[in-house]
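What follows is a short report on a single structure.
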Amino acid sequence: MKLVTWNINSIRIRLEHVQKLISDHAPDVICFQETKVRDSLFPLEALQEMGYPHIHFAGEKSYNGVAILSKIPFSDPDALSWCAREDKRHSSVILENGIELNNFYIPAGGDEPNAETNPKFAHKLQFLDEMTDWCAKRFDADAKRIIVGDFNIAPLETDVWDHKKLKNIITHTEIEITRLAQLQQAGQWVDAMRLHILPQEKCFTWWSYRARDWLATNKGRRLDHVWVTPNLQDSVAGCEVLLDLRGQDKPSDHAPVLVTLTV
């Protein structure tokens, strides 16, 4: 099973990029974040015509929004609310092969890493805490589960272009990294990407639009993640960050992440 997670940063604007992803890499399942479209305007037919008959989406106008596209039939589509808000930041399905797939868009957190003065950062930490509690309460050693999405946190020193310069910048602060580690521990999640892109290797999935020559300067961060339960760890056969999609005309600032599983 070829699984992609991608913060598309407006799905209607980038349908041609989605088609290129499908033509070049043929994923079985695609999880999008930041679709930025209300449900009534979601391009359902266009995506079904691209070969994905099974689609679950939850969106809102201009912000957030998530979607799961699948060639594999699924059941139990769901979309939970978090932090007593109606933001569309989560969707989930149970694939025909029995794997529960959760797709998340964790809040970015604004500019100042201080929960007392920055409500956006407080929201991010609350969101992470609620996810941690949710994972802990639902933990089942026998369940096969995958969590993907834009987590907006780069936990490792090799997940950012310069650890010293970014250690006080949101996405790479100690408090966020600690919260993410607690979340990972609560579900005993395995970082699937780092099974094949070793932790000592630099790995980025996001590059600022401000960088004109993003690939040459390579000042990136790994904000997008794929986590699997321990019983799926051995089935993770490969991982690739699809840089070609980040290099398209008017791209998303995120590159898709492709993980292959033998399930």
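Quick notes on this structure:
- Entry note, the stretch 2-261: relative contact order of 19 percent, from Cα contacts under 8 Å with a spacing of 6+ residues.
- Computed over the stretch 1-131, relative contact order equals 18 percent, with contacts defined as Cα pairs under 8 Å that lie 6+ residues apart.
- Overall form of the chain per C-alpha gyration tensor (a/c, 1.5; a/b vs b/c): rounded
- Cα shape, the stretch 117-160, gyration tensor, a/c 1.5 rule: oblate
- Remark: the stretch 112-118, residue by residue, has Karplus-estimated 3J(HN,Hα) of 10, x, 9, 5, 6, 10, 10 Hz, where x stands for each Gly or Pro and the curve is 6.51 cos²θ - 1.76 cosθ + 1.60 at θ = phi - 60°.
- Furthest towards positive pole of dipole, Thr173, Tyr52, Trp161, structure part the chain, Cβ charges: Trp161
- Derived from the Cα gyration tensor, the three semi-axes of the equivalent ellipsoid of the stretch 61-119 are 30, 11, 10 Å, largest first.
- If you take all other residues with their beta carbon under 13 Å from the beta carbon of Arg14, and give Lys and Arg +1 and Asp and Glu -1, the sum is +1.
- The chain - share of DSSP beta bridges that are antiparallel (%, nearest 5): 80 percent
- The stretch 149-263, relative contact order in percent, only Cα pairs under 8 angstrom and at least six apart counted: 28 percent
- Order of Asp244, Asp224 - criterion: other Cβ atoms within 10 Å of each residue's Cβ, fewest first: Asp244, Asp224
Quick note: the coordinates plus some simple rules give every number you see, no bench work behind them. Computed from a predicted structure; not experimentally measured. Every residue, glycine as well, gets a Cβ built from its backbone with ideal geometry; the counts of neighbours run over all protein chains shown.
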